[in-house]
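S.K.: Quick one: this structure, given as structure tokens, is what I'll be asking you about.
The values are calculated or read from the model by the stated rules, or taken from the named source; none is laboratory data. Keep in mind that what you see is a predicted model, and the values were worked out from it rather than measured. Here the Cβ positions follow ideal geometry from the backbone for every residue, glycine too, while neighbour counts run over all protein chains shown.
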Amino acid sequence: MTEDKDKPERKHEIWGIVLLGLAAILSVAIWKGPGDPAVSCTEAHVGSGAIGACVVRGSVLLLGLPATWLIPLAMAIEGLHLFRIIRSGIDKRWLLFIIGLIALVPIGLGLWGSPVGAVTTRSGLWGGFTSYYLDEGLGAVISWILLLALASILAVVTIAFNPLRALLSARPPSLGMKIDAPAKASRRK
């Protein structure tokens, strides 16, 4: 009887181990780098093997290096959720936030690049393509405003944090904690 009850829990633990292991392997592969672009990724082992080099090279080509670093973070968040270390509601919100950042960071780096829309290891194909057409269609200023609005909406919807309110507010954000102002000391005459 107890074996049937433990089976789903063991399945969660196994998947948690797999995700945390893959996150660690991918982090090492990213840290080691995709190798020389002139050499096939199957020949450029650079310490992470042919598979690691090919996965990293493809991810950097598609998303750019900064967004590629967010992928193992997303995997680790889900792995920790499967271990029941992170509560269910919190992990999903942060996971969606990281996935949204994976989509938005390359666009911002593509807009920031010189020339705008160039495919680089910072922006990847996604960031270069999207930033080029945003800049051509809307102009640089409106593209940046749109990107910052999307990032703010992402933060509000997923992790319930409004960066614009934090910037524009006279008081610092409480982040869910109530902070009372210290009482003024009375002076004796």
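S.K.: Considering (1) modelled with pLDDT of 95 or more; (2) under 11 Å from the mean Cα position of the chain (by Cα), say which one Ile77 fails and leave the rest.
M.R.: All conditions pass for Ile77, except number (1).
S.K.: Counting only residues that are in a helix (DSSP H, G or I), surrounded by fewer than 18 Cβ atoms within 10 Å (Cβ to Cβ) and not β-branched (Val, Ile, Thr), how many does the range 81-90 have?
M.R.: Looking only at the range 81-90, we keep the residues that are in a helix (DSSP H, G or I), and these are 81-82, 88-90.
Add one more test, that the residue is surrounded by fewer than 18 Cβ atoms within 10 Å (Cβ to Cβ), and what stays is 88-90.
Filter again for not β-branched (Val, Ile, Thr), leaving 88-89.
Residues in the range 81-90 being in a helix (DSSP H, G or I), surrounded by fewer than 18 Cβ atoms within 10 Å (Cβ to Cβ) and not β-branched (Val, Ile, Thr): 2 in total.
S.K.: OK, next. Assuming Leu80 fulfils every condition listed in (1) under 30 Å from Asp6 (Cα atoms); (2) free of Cβ contacts under 8 Å to residues at least 60 places away in the same chain apart from one, which condition is it?
M.R.: Here Leu80 meets the rest and fails (2).
S.K.: Kindly indicate the residue of the range 5-20 that is free of Cβ contacts under 8 Å to residues at least 40 places away in the same chain and not basic (Lys, Arg) and also farthest from Ala76 (Cα to Cα) among those meeting that condition.
M.R.: Of all residues in the range 5-20, those free of Cβ contacts under 8 Å to residues at least 40 places away in the same chain come to 5-11, 14.
Narrowing further to those that are not basic (Lys, Arg): 6, 8-9, 14.
On the way: Asp6: 23, Pro8: 20, Glu9: 18, Ile14: 14 Å.
Per the criteria, the residue is Asp6.
S.K.: Which of (1) surrounded by 18 or more Cβ atoms within 10 Å (Cβ to Cβ); (2) modelled with pLDDT under 85; (3) of a type in the set (A, V, I, L, M) is the odd one out, the single condition Ile102 does not satisfy?
M.R.: (2)
S.K.: Here's something else I'd like to know. In the range 1-45, how many residues are farther than 19 Å from Gly124 by Cβ, at pLDDT below 75 and surrounded by 12 or more Cβ atoms within 10 Å (Cβ to Cβ)?
M.R.: Of the residues in that region, 2 qualify.
S.K.: Return a yes/no flag: does the range 159-180 have any residue that is exposed (fewer than 11 other Cβ atoms within 10 Å of the Cβ), in a helix (DSSP H, G or I) and at pLDDT below 95.
M.R.: Looking for residues that are exposed (fewer than 11 other Cβ atoms within 10 Å of the Cβ), in a helix (DSSP H, G or I) and at pLDDT below 95, one finds at least one in the range 159-180, hence yes.
S.K.: Yes or no: the range 121-128 includes at least one residue that is farther than 19 Å from Val55 by Cβ and among the aliphatic types (A, V, I, L, M).
M.R.: No, the range 121-128 contains no residue that is farther than 19 Å from Val55 by Cβ and among the aliphatic types (A, V, I, L, M).
S.K.: Exactly one of these conditions fails for Leu62: (1) crowded, with 18+ Cβ neighbours inside 10 Å; (2) under 19 Å from Thr121 (Cα atoms). Give me its number.
M.R.: Among (1) crowded, with 18+ Cβ neighbours inside 10 Å; (2) under 19 Å from Thr121 (Cα atoms), Leu62 violates only (1).
S.K.: Scanning for something farther than 17 Å from Leu62 by Cβ and either in a helix (DSSP H, G or I) or modelled with pLDDT under 85 (or both), does the range 112-128 turn up at least one residue?
M.R.: Yes: one or more hits.
S.K.: Has the range 134-143 got at least one residue that is crowded, with 17+ Cβ neighbours inside 10 Å, closer than 30 Å to Ala23 by Cα and modelled with pLDDT of 90 or more? First the steps, then the outcome.
M.R.: Within the range 134-143, the subset crowded, with 17+ Cβ neighbours inside 10 Å is 134-135, 143.
Filter once more, keeping what is closer than 30 Å to Ala23 by Cα: none.
The answer is no; no qualifying residue exists.
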